[in-house]
Amino acid sequence: MGKPMFYINGEFVDENNALISVMDHGFLYGDGVFDALRVHNGRLFQLDAHMNRLYDSARIIDLPVPLDKEEFKKIVMETVRRSGYQDCYVRPQVTRGIGSLGHDPGTCKESSIIVYVTPTPVLKKERSIRVIISSYRRPPAFILPPESKTTHYVNNILAKMEARKRGADDAILLDIRGFVSEGCAWNIFLVKNNRVATSSISSSILRGITRDGVIHLLKEMNIPVEERDITVSELFTADEIFGTGTGSGISPVIEINGRKVGDGRSGSITNEIENKFNEFINETGVSVYE
Ligand SMILES: Cc1ncc(COP(=O)(O)O)c(C=O)c1O
C-alpha cells in the first residue's frame, strides 16, 4: 500500500505534478548529484551514511546544497511518510538548478532539491547474475570523480547495454589501469581460500554504503578482508564473487565472460554474508512512521 511521492523545491507533490524545468542544468547537462536509499519494513536504512555521501558528492563537484543536512533528512523522512510505503526506494537529488543554455553553472541561481519516493525498481531477474567484463572503463578522478554519485550515468549505461547485447545480466568495468573497478551500479567482492578482497577507492569506485556494511560484517565474522587492487586473472580464479548495492542487495556472480565462477553456484561465504546483511537490515534503520 502507498503511492509515489515527491518533494520538489519546497513542495510535496504526487507523480503527476512532479515536474522540473527543461532549463534545469541537471536535465540539460547531468550537472547534479543523488543518492539512493531503501525503506525496509517502515525503516529507512543507513540514512546518515547516504546523506553524508550526498553532501560529499555535492562538495566534490562544488555544488551548493541550500539546505542544512538535518533539515534535508527531515524532508526525506516526511516524503516517505506521505507516500505511506513500508518498503520503497528513496532518492534525494540536488541539481545545479535553472539557468541559461550553455553549461556555465554561473547562470544558475539556486540548486534544485528533489526527493523521489517510489516502488523499489527491480534491478535483476534472479538472485545470481552472469556478467561480462566491459570494454568501457570507469573514469579516473581527473576525468569525472567516481567518488561523487553524479547524475552522469552514461558510462554505466553503455556498459549495461553492452552486457545485454552479449547475453549477460550486467558488466564489470575495469579502471583506467586495467584493474577491476566495479559493476554498473554495485561494488565487487571476491573470495579466494576463505579470504575476501574488494577493489579499493584507488580503482575508481563509488564507495558503496552496502560495501562498507559488508566489510564491517566480514570483520565481525573474523573473515579476513582486504581493500586493494584486483586483477582480471583473480576474477577468473576466484572461488566466489559477489556484488553489493542498495538496489540489488548481495548478488552472487556465477559467470564471467561465459566462464563459471567457482562451481557456478552461489558460494558459502556469499550465502553467509547475505544472511548477515539481511539481519543487519532488520536490526538497524530509522523508523519512519513512529
Ligand atoms: C556506480 C555505483 N557503484 C556502486 C554502487 C553501490 O553503492 P551502494 O551500496 O551505496 O548502493 C552504486 C549504487 O547505486 C553505484 O551506482
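On the given criteria, is N257 more than 16 Å from the ligand (Cβ to nearest atom), within 29 Å of L37 (Cβ to Cβ), of a type in the set (S, T, N, Q) and out of contact with any Lys or Arg (no Cβ under 7 Å at 6 or more places or on another chain)? Even if it seems obvious, please write down each step before you answer.
Working: more than 16 Å from the ligand (Cβ to nearest atom): yes; within 29 Å of L37 (Cβ to Cβ): no; of a type in the set (S, T, N, Q): yes; out of contact with any Lys or Arg (no Cβ under 7 Å at 6 or more places or on another chain): yes.
No.
When region 200-247 is filtered for residues that are more than 11 Å from the ligand (Cβ to nearest atom), hydroxyl-bearing (S, T, Y) and not in a helix (DSSP H, G or I), the ones remaining, listed by number, are S200, T231, T237.
Within the bounds of region 264-271, is there any residue that is under 19 Å from M51 (Cα atoms) and either part of a helix (DSSP H, G or I) or within 21 Å of the chain's Cα centre (by Cα) (or both)? For region 264-271, residues under 19 Å from M51 (Cα atoms) and either part of a helix (DSSP H, G or I) or within 21 Å of the chain's Cα centre (by Cα) (or both): absent. Taking the criterion of being open to solvent by less than 20 Å² (accessible area, probe 1.4 Å) and among the hydroxyl-bearing types (S, T, Y), the residues of region 249-290 that qualify are S251, T270. Checked against (1) without any contact (Cβ under 8 Å) to a residue 60 or more places away in the chain; (2) in contact with a Leu (Cβ under 8 Å, 6 or more places away or on another chain); (3) assigned to a loop (DSSP other than H, G, I, E, B), R177 passes all but a single condition, namely (2). Against the numbered list (1) open to solvent by less than 30 Å² (accessible area, probe 1.4 Å); (2) within 16 Å of the ligand (Cβ to nearest atom); (3) touching a strand residue (DSSP E or B) at 6+ places or on another chain (Cβ under 6 Å), R91 comes up short only at (1).
Just give me the residues in region 129-154 being open to solvent by 30 Å² or more (accessible area, probe 1.4 Å), assigned to a loop (DSSP other than H, G, I, E, B) and either outside the structural domain of R265 (by TED's automatic domain parsing) or not hydroxyl-bearing (S, T, Y) (or both), in sequence order. Explain how you work it out, then say what you get.
Narrowing region 129-154 to residues open to solvent by 30 Å² or more (accessible area, probe 1.4 Å): 130, 135-137, 141-145, 147, 151-154.
When the remaining residues are screened for being assigned to a loop (DSSP other than H, G, I, E, B), the result is 141-145, 147, 151-153.
Correct list: A141, F142, I143, L144, P145, E147, H152.
You will find that of A185, A197, the residue that is within 16 Å of the ligand (Cβ to nearest atom) and modelled with pLDDT of 95 or more is A185 and no other.
Being of a type in the set (D, E), more than 24 Å from the chain's Cα centre (by Cα) and within 27 Å of R164 (Cβ to Cβ) is a property that does not hold for D239.
For region 1-105, give me every one of the helices (runs of 4 or more DSSP H) that falls completely inside it and has 3 or more residues that are hydrophobic (A, V, I, L, M, F, W, C). Reasoning before the result, please.
On the way: elements: 25-29, 47-60, 69-83.
Correct list: 47-60, 69-83.
The values are calculated or read from the model by the stated rules, or taken from the named source; none is laboratory data. Since we're looking at a predicted model, the values are computed, not measured. Please note: Cβ atoms are built from the backbone with ideal geometry, for glycine as well, and neighbour counts cover all protein chains shown. Only protein heavy atoms, including side chains, enter the accessible area calculation; ligands, DNA and RNA are left aside. Shrake-Rupley method; radii C 1.70, N 1.55, O 1.52, S 1.80 Å.
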